[in-house]
Amino acid sequence: MTAVDDRPTTSDEIGRSRLRKEDQRLITGRTKWTDNIILPGMLHLAFARSPYANATITSIDIEAAKAAPGVVAVYTGKDLQDTMGTLICAYTITPDQVAPPHPPLAIDRVSFAGEAVAVVVARSYKEARDAADLLDVDYSLLPVVLDMEAAVAEGADLVHPELGTNISAHFVFDSAAAGTGGDVDASIAAAREDGVVIERTLRQQRLVPAFMEPRSVVVDPTGEQITMWSATQIPHILRFVLAATTGVPETKIRVIAPDVGGGFGGKLQTTPEEFVTFAVARKLGKPIKATETRTESIIASHHGRDQIQKLTLAAKKDGTVTGLKVELLADMGSHLALIGGGVPFLGTFMFNSIYKFESYRFDLTTVFTNKAWTDAYRGAGRPEATFGIERMMDELAVELGREPMELRQQNWITHPEFPFTTVCGMTYDSGNYEAATAKAMAMLDYEGLRREQAERRERKDPIQLGIGISTFTEMCGLAPSRVLGAIGAGAGGWEHASIRMLATGKVEVVTGTTPHGQGHETAWSQIVADKLGVAFEDVEVLHGDTQISSKGYDTYGSRSLVVGGIAVVKAAEKVVEKARVIAAHLLEASADDLEFADGRFTVKGTDQGMAMGEVAMAAFLGHNLPDGVESTLDSDATFDPEDFSFPHGTHLCATEVDTETGLVKIRKYVCVDDIGNVVNPLIVEGQVHGGLAQGIAQALYEEAVYDEQGTLTTATFVDYLVPGAPDLPFFDTDRTTTPSTTNPLGVKGVGEAGCIASTPAVVNSVLDAVRQFGVKDIEMPMTPLRVWKAIQGASSVGGEVEAASASPHWEQPVQSGGIQTASSDTRSDATDGSQA
C-alpha cells in the first residue's frame, strides 16, 4: 500500500504520493458532467436506431413522430447530409486501404444493428424518446456478414457492395525485406527439420469499453462561437474534425471536455452523436443536448479487440526462439473508426515483445463485418500482441517440457544488452527484465506455489492450482511525429504546454492533454512545484477547453506524462531562464553567477537573492527591467519525443480452478512494473489497479456477443459482465526502475500496463491448472461453463481425469528429434457464448 504524503512543500514534489487535487470535487459531487449542463431554451435529442445489421432503408415515415407532444423537429440522414459532416479514419495503414463513407446518420443503408437512422428534437428527453419510438422505418434486409473468416472467403456476401470486397487493408511487415532480421519461412523450415514448431490459432474476443459516464454532448450555437461540451478524450482533435468536415471555421468552434467519467479509449472517437447534435443546433439556432442510455452506449459506441491470431513460432531444441510468424484477422466492424486499422497495426512492433527472435513476419488483414465498429480499447493493439506471444511462450515450454519462466529468461533481452534493436526495428532504450522478474517471483513465493501445485496434483485435489506468467513490454507515448507520419497516422505526436506566472507568485499551467481520471492536475502541479520551487497548492492546471488550451493532441496511448508532462517541464525551464535575466538585473549580478534552487535565485558565494514570486511581481510591474526584456515570465513549449517509451514488467497470477464446476478463483496476483521514474506513486498505483481489473475482466468475464442475425445480445450490464470489487483479488504491486533515456524526467507510461499484462497471466494460470487433463486452450472469457466443458471434453477424449499425470509438464519426458505441434482452431468451445 502506498502511503499518502500531503505535507505542504516547495521541493522534492516529484516522487511524492499526493492525494489527487481533483478528487475533492469529484467525490463530493461538486463537479459538472456534460449531462449536468442546462442552458436556457435547451432542446433534447433521441435517436432511432436500426434493429437490423444489414439493410437498405426504403422509407422513413416521420409524421407520427412530428405530431407527438413536445416535438420540435425530426430529421433523417437525407435531411442533414449536407451539414452534418462525416466521420473520418485518421490512420491509413496501406496506400490502398479502402473504406466506405461514414455519415453520422445512415442515409440509404444500415450496416450494423444500432446504427442511427433518424433523430427527434423535443423539449425534453422523455418526449424525444417517446416520439422516436413512433418513427416508422421500412427496411429491405440484406445478408448479414458476421464471421471474419467467412467475410474474406471467395464469394462472400459484402458489407459494402460498392467496395467489391470485405477487406479494408492488407499490411505485411517482413524482417528479411525490411533488413531488420532473417527470413521467417527459412527459420520455420529449419525448425521443422531439427527443432520445434508451434502453431496455434488464438481468439481475442470483442469487448465494450464500459466507461462509467455514458457519452453526452451539448452544443450551444447562440454565441459568437459554437460551443460544444462533450464527454470526450480528444477535444482538440474533435474541434479540428468538425471544422474540416462541416466547413465551419475552426475559429468559430469551441470544444470543452469537462470532467469526464472514464474513457479507456472508448471516448477516443469523434462520434455520430457529436456531429448530429452540432448540425441540429446550427439548423435550429438553439442549444441541444444528446445523452446516450447505457444500452445505446454498449450497442452503438465503438468496441475493442476482436481478432483471430494464427501464430507460428520456431525454436531450436534447446528452447532458443528463432522465428515468429503472425497472421492476423482484425474485425473493423461496419466502418473504419477514427484510428480503425491502426489499432491492430500497432501489433507489428509488439508481437516479438521482449524476446530475441532472429526473424519475424507480421501479416495483417483488416475486415469489415456487420457489427459495431472497433477502435482503441485500453492498450490498443498491444494487449492483443502480448496475449499472443505470452500464450505461445507457454505453449513452447509445454512442448519442450521446460519450466516456463526459465524458458523466458533464456530468450529475453538481458539488462546489459540495452539499448537493444529488435527484429522489427524498434530500439528499446532501457529495461531490466531480470530485476522485475526476481522481485515478482519472490513476492508470489513462486517456488513454494510450484511445490503446492505438485502436491495437489499428486492427491488429485478437485481444486487445482495454476500459475500464470506474463513478462511484457509495451510501446507508449506514441511519437515522434515524423515516425507517426511514416506509419500512416493522420496526426502528430507532439504536445503543448503553457505556464503563466501570476503577479502574486501563483502559477497557472495550461496543458494540451485532457485527463479523464489520470490525475494530471495533481501530477502537473508536482512537476511545476519542483521545477519552479513554488508550493504545490499554488499551482492551478487548466485543460480540456480549446479556448483556454488552444493547442494539443489530448490523452490516449499512455502519452500524457511522457509527452505532455515533458512539455510542462520545458515550459518551466523557459520560465526559469526568463526569470534569471530579470533577477540578475535586480541583484546587480551576472546571470551566469546566479544559482536557482528551491524557488530562489542567489548570487554564488553570497546570501543575496530573491524568490521566484518576487521576480514575478517585478515582471508584472515592469518598473525596473533590463533593456529589451518583456514584462512577463509566461512561457510556452512544445515537446516531440525522439522515440517511444518502453515500460515493462512481470505479472504472475495464481488461480485455483474447481475441476468439478469450472469456477476460477484468483488466489494471488503479483505484478512488478518498470515505468521509469515516478512522479506520484499513489496515482501510479491507481492506474495499475484499474488496468489489472480490465485485463482480468477480459480473461474471465467480458465478451460482446452477437446472435446470427447480428443483434448484440449483451447490451446491458445484466448480460455484459463487468466485474466489481468482490470479483477481483487483492493486488500485490511493486516497481523496479530503469529510467527512460528519451526524456528529461526519465519517465515511461503506466496507464495501460496492467491491462496489457494481466490477461495472458490469468489465462496462462488457468491453463496451467487444467492442462494435465489434456486441455489445450479455452477461449476467453474463461467462464465456469467453458472451463468445465474443456475439462470434460478433454477427459472424454484422453481418458479419466484420475489417469492424468501428477507431475508438471516440465518433468515429463520429451520426445527427441524435430517436434511439430499444430492446431487450426484450439478453441475449446468456439460456439459457446455463454456468460454463465
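The values are calculated or read from the model by the stated rules, or taken from the named source; none is laboratory data. Source: prediction; values computed, not measured. All Cβ positions, even for glycine, are placed from backbone atoms using ideal geometry, and neighbour counts span all protein chains on display. For the accessible areas, the whole protein counts, side chains as well, though only heavy atoms, and no ligand, DNA or RNA atoms are used. Shrake-Rupley method; radii C 1.70, N 1.55, O 1.52, S 1.80 Å.
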Just to be sure, is T92 without any contact (Cβ under 8 Å) to a residue 12 or more places away in the chain and out of contact with any Lys or Arg (no Cβ under 9 Å at 6 or more places or on another chain)? no
State all residues of the stretch 563-593 that are open to solvent by 10 Å² or more (accessible area, probe 1.4 Å) and of a type in the set (A, V, I, L, M); if no residue qualifies, say none. V576, V581, L586, L587, A589, A591
Hey, could you check the stretch 483-495 for residues that are open to solvent by 10 Å² or more (accessible area, probe 1.4 Å) and touching a helix residue (DSSP H, G or I) at 6+ places or on another chain (Cβ under 6 Å) and say which is modelled with the highest pLDDT? W494
Meets criteria (closer than 29 Å to N677 by Cβ, open to solvent by 10 Å² or more (accessible area, probe 1.4 Å) and in a loop (DSSP other than H, G, I, E, B)) for G379: no
What's the number of the only condition in (1) outside any loop (DSSP other than H, G, I, E, B); (2) at positive phi that G340 fails to meet? (1)
From the set of residues in the stretch 729-747 that are open to solvent by less than 40 Å² (accessible area, probe 1.4 Å) and assigned to a loop (DSSP other than H, G, I, E, B), which is nearest to K665 (Cα to Cα)? P729
For the stretch 279-315, which positions are assigned to a helix (DSSP H, G or I) and open to solvent by 10 Å² or more (accessible area, probe 1.4 Å)? R282, K283, L284, R294, T295, E296, I299
Tell me, please, whether a residue that is in a helix (DSSP H, G or I), assigned by TED's automatic domain parsing to the domain that holds T759 and over 26 Å from the mean Cα position of the chain (by Cα) can be found in the stretch 459-466. no
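Here's the yes/no breakdown for (1) in contact with a Phe, Trp or Tyr (Cβ under 7 Å, 6 or more places away or on another chain); (2) of a type in the set (S, T, N, Q); (3) surrounded by fewer than 21 Cβ atoms within 10 Å (Cβ to Cβ); (4) not in a loop (DSSP other than H, G, I, E, B):
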| site | (1), (2), (3), (4) |
| --- | --- |
| C653 | yes, no, no, yes |
| T661 | yes, yes, yes, no |
| Y669 | yes, no, no, yes |
| V684 | no, no, no, yes |
| A697 | no, no, no, yes |
| Q709 | no, yes, yes, no |
Exclusive hit being in contact with a strand residue (DSSP E or B) (Cβ under 7 Å, 6 or more places away or on another chain) and either within 25 Å of H236 (Cα to Cα) or touching a residue at least 24 places away in the same chain (Cβ under 8 Å) (or both), set A535, A618, A597, A572: A572
Give the residues of the stretch 671-682 that are out of contact with any Ser or Thr (no Cβ under 6 Å at 6 or more places or on another chain) and in a strand (DSSP E or B), sorted by residue number. D673
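Conditions (1) open to solvent by 10 Å² or more (accessible area, probe 1.4 Å); (2) in contact with a His (Cβ under 8 Å, 6 or more places away or on another chain); (3) modelled with pLDDT of 95 or more, marked per residue:
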| position | (1), (2), (3) |
| --- | --- |
| E273 | yes, no, yes |
| V276 | no, no, yes |
| V326 | no, no, yes |
| H335 | no, yes, yes |
| G340 | no, no, no |
Looking at W229 and the list (1) open to solvent by 30 Å² or more (accessible area, probe 1.4 Å); (2) under 24 Å from L39 (Cα atoms); (3) without any contact (Cβ under 8 Å) to a residue 12 or more places away in the chain, which single condition is not satisfied? (3)
Could you please find all residues in the stretch 590-604 being more than 17 Å from D12 (Cα to Cα) and in a strand (DSSP E or B)? L594, E595, F601, T602, V603
Specify which of the listed residues (E399, E417, E395, E403) is surrounded by 23 or more Cβ atoms within 10 Å (Cβ to Cβ) and among the acidic types (D, E). E395
For the structure I just gave you, tell me whether M405 is in contact with a Phe, Trp or Tyr (Cβ under 8 Å, 6 or more places away or on another chain) and outside any loop (DSSP other than H, G, I, E, B). yes
Can you go through D157, D183 and tell me which one is open to solvent by 50 Å² or more (accessible area, probe 1.4 Å), of a type in the set (D, E, K, R) and in contact (Cβ under 8 Å) with a residue 60 or more places away in the chain? D183
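Residues checked against (1) under 26 Å from P480 (Cα atoms); (2) assigned by TED's automatic domain parsing to the domain that holds S635; (3) under 26 Å from the mean Cα position of the chain (by Cα):
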{"site": "Q526", "(1), (2), (3)": "yes, yes, yes"}
{"site": "A529", "(1), (2), (3)": "no, yes, no"}
{"site": "T555", "(1), (2), (3)": "yes, yes, yes"}
{"site": "V562", "(1), (2), (3)": "yes, yes, yes"}
{"site": "V575", "(1), (2), (3)": "yes, yes, no"}
Residue count for the stretch 620-630, restricted to those that are at negative phi and assigned to a loop (DSSP other than H, G, I, E, B): 7
List the number of the failed condition for K551; all other conditions in (1) closer than 17 Å to W494 by Cβ; (2) open to solvent by 70 Å² or more (accessible area, probe 1.4 Å); (3) assigned to a helix (DSSP H, G or I) hold. (3)
Check on G724, within 30 Å of G114 (Cβ to Cβ), free of Cβ contacts under 8 Å to residues at least 24 places away in the same chain and out of contact with any strand residue (DSSP E or B) (no Cβ under 6 Å at 6 or more places or on another chain): yes
Which of the following residues is in contact (Cβ under 8 Å) with a residue 12 or more places away in the chain and crowded, with 17+ Cβ neighbours inside 10 Å: E162, E149, E127? E127
L478 fails exactly one of (1) out of contact with any Gly (no Cβ under 7 Å at 6 or more places or on another chain); (2) over 21 Å from L652 (Cα atoms); (3) open to solvent by 30 Å² or more (accessible area, probe 1.4 Å); (4) of a type outside the set (K, R), namely (1)
Counted residues, the stretch 344-374 - those being more than 22 Å from G164 (Cα to Cα), open to solvent by less than 10 Å² (accessible area, probe 1.4 Å) and touching a strand residue (DSSP E or B) at 6+ places or on another chain (Cβ under 7 Å): 12
Extreme residue, nearest to K578 (Cα to Cα), among residues of the stretch 605-619 that are among the small types (G, A, S) and outside any helix (DSSP H, G or I): A611
